[in-house]
Amino acid sequence: MLKRWIAVSAAAILLVSGCSKEEKAEEPEKQDTEKAEEATKGINSEKELPFHYPLTGLGSEAEVDGRAVAVMINNHPKARPQSGINQADVVYEMLAEGDVTRFLAIFQSEQPEMIGPVRSSRDYYIELAKGYDGLYIAHGYSPEAKELLDQGYIDNLNGMQYDGTLFKRESFRQAPHNSYISFENVLKGAKEKNYAMEDEPESLEFLSKDEAKAIQGVDADSAMISYLDNELFNVIYEYDAGLEKYKRYSNGELTADYKSGEPALLDNIFIAEADHKVVDSAGRRDINLTSGGKGYLLQKGKVTEVDWKNIDGRILPILNSKQAGLVPGKTWINIVPSSPGLEQTVSFENKN
């Protein structure tokens with residue numbers, strides 16, 4: 001059964017560290033709305049374009065090519081707001097050690113000027129990047145991840161080898177939350193290592209405009225994900241009916257680009273549960289991303305109970321035994337532990 005939660009969204013958005021009620025009142029919501037509207041200009045155009053980006057399904061005037069780039073991005077509170085994450089086509093959010101989540105941001109349709117903070121690799125993130133044939137970017141690694149990278153399992157650039165060259169330490173953050181890479185340096189590093197960067201990834205499956213308008217499900221304007229009761233990593237998705245997109249909040253803070261302030265505006269929120277197991281004294285995990293399981297799919301202000309399968313390395317929603325189509329646009333995928341499970345971890349609210 002889908003759970004409902006009352007008034008928690010509004011309360012959570014007031015939890016930003018260091019902000020009093022008076023300070024919050026001085027941050028007009030109008031600014032966020034204006035930035036969101038600016039970011040979506042032209043996206044909902046009725047004009048049918050001849051080409052489409054494979055990971056967003058959005059149209060393009062020119063023929064689309066270019067390899068996906070998958071970057072490990074830090075989500076520690078001291079690393080927020082991040083740079084470039086609003087331009088990712090697909091983002092996976094999963095637990096690393098302890099109660100801390102980390103992102104794998106996959107870029108193909110856009111090339112941010114700066115991405116970061118970049119964080120260290122884990123083996124299950126490598127497997128997901130492999131599913132998109134992505135050039136894998138990280139700074140550091142677990143023992144299991146290092147073994148895969150040393151074997152040449154995936155093309156990669158790592159800050160352990162390129163700290164101070166391809167990767168830059170920014171002065172406005174403290175280590176280990178200050179490693180950044182520019183897209184220019186991603187391409188420079190790929191050229192140095194003779195990695196092919198021309199071929200685009202295989203396309204995801206997208207709904208037509210008519211199919212997107214006909215989406216069925218339970219009305220849900222908001223969703224909250226609680227990662228092991230650590231409020232610093234609580235996630236709230238709010239559906240903006242005017243934009244027809246979701247905004248994301250971490251511990252009440254809008255997920256937006258550090259420099260521009262442009263928010264991450266999302267079209268598909270996919271939440272899937274998977275078995276998690278702590279495997280060493282450092283608290284590192286093994287996450288089962290192969291066996292499938294239960295999930296929720298949020299689109300157009302509605303939520304549907306689905307299953308998930310690993311199809312060629314990608315975690316994808318399954319509805320009525322078929323792969324569920326995505327709304328053209330950006331997708332965020334949250335993987336949560338099967339214990340305590342979806343019903344204890346995820347809750348929904350409908351304001352109407």
**Q.** Single unsatisfied condition, Q161 versus (1) more than 16 Å from A68 (Cα to Cα); (2) of a type in the set (S, T, N, Q); (3) not in a helix (DSSP H, G or I)
**A.** (3)
Q: Determine the pairs where a residue that is among the aromatic types (F, W, Y), located within segment 110-121, has a partner that is part of a loop (DSSP other than H, G, I, E, B) with Cβ atoms under 8 Å apart, the partner being 6 or more residues away or on another chain.
A: none
Q: Would you point out the residue of segment 257-285, among those that are under 20 Å from the mean Cα position of the chain (by Cα) and farther than 18 Å from N334 by Cβ, that is surrounded by the fewest Cβ atoms within 10 Å (Cβ to Cβ)?
A: K259
(Q) Looking at segment 253-290 only, could you name the residues that are modelled with pLDDT under 95 and either outside any strand (DSSP E or B) or among the basic types (K, R) (or both)? (A) K277, V279, D280, S281, A282, G283, R284, R285
Q. Which residues, counting only those in segment 210-226, are charged (D, E, K, R) and within 27 Å of N251 (Cα to Cα)?
A. D219, D221
(Q) Checking P81 against (1) outside any strand (DSSP E or B); (2) under 26 Å from E200 (Cβ atoms); (3) at pLDDT 95 or above, only one condition comes out false. Which one? (A) (2)
Q.
Tell me yes or no: at least one residue of segment 103-118 is among the charged types (D, E, K, R), in a helix (DSSP H, G or I) and not assigned by TED's automatic domain parsing to the domain that holds S250.
A. no
Q | Out of E198, E127, E184, sole residue that is within 30 Å of V279 (Cα to Cα) and either modelled with pLDDT of 95 or more or not in a loop (DSSP other than H, G, I, E, B) (or both) | A | E127
Q. Does segment 311-324 hold any residues that are in contact (Cβ under 8 Å) with a residue 40 or more places away in the chain and in contact with a Gly (Cβ under 9 Å, 6 or more places away or on another chain), and which are they?
A. D312, G313, R314, I315, P317
Q. Does segment 148-166 contain any residue that is in contact (Cβ under 8 Å) with a residue 24 or more places away in the chain and touching a His at 6+ places or on another chain (Cβ under 6 Å)?
A. yes
Q: Being more than 28 Å from G283 (Cα to Cα) and of a type in the set (V, I, T) is the filter here, so list the residues in segment 177-232 that pass it.
A: V186, I215, V218
Q: Scan segment 310-328 residue by residue and report those that are of a type outside the set (V, I, T) and either surrounded by fewer than 19 Cβ atoms within 10 Å (Cβ to Cβ) or out of contact with any strand residue (DSSP E or B) (no Cβ under 7 Å at 6 or more places or on another chain) (or both).
A: N310, D312, G313, R314, L319, N320, S321, K322, Q323
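Looking at segment 273-327, which of its residues are within 21 Å of N350 (Cα to Cα) and not polar (S, T, N, Q)?
G295, Y296, L297, L298, K300, G301, K302, V303, E305, V306, V327
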Q: With the condition kept exactly as written, say whether any residue in segment 32-54 is assigned to a loop (DSSP other than H, G, I, E, B), at pLDDT 95 or above, in contact with a strand residue (DSSP E or B) (Cβ under 8 Å, 6 or more places away or on another chain) and hydrophobic (A, V, I, L, M, F, W, C).
A: no
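The values are calculated or read from the model by the stated rules, or taken from the named source; none is laboratory data. Since this is a predicted model, take the numbers as computed values, not measurements. Don't worry about glycine lacking a Cβ; one is built from the backbone with ideal geometry, like all the others, and counts go over all protein chains shown.
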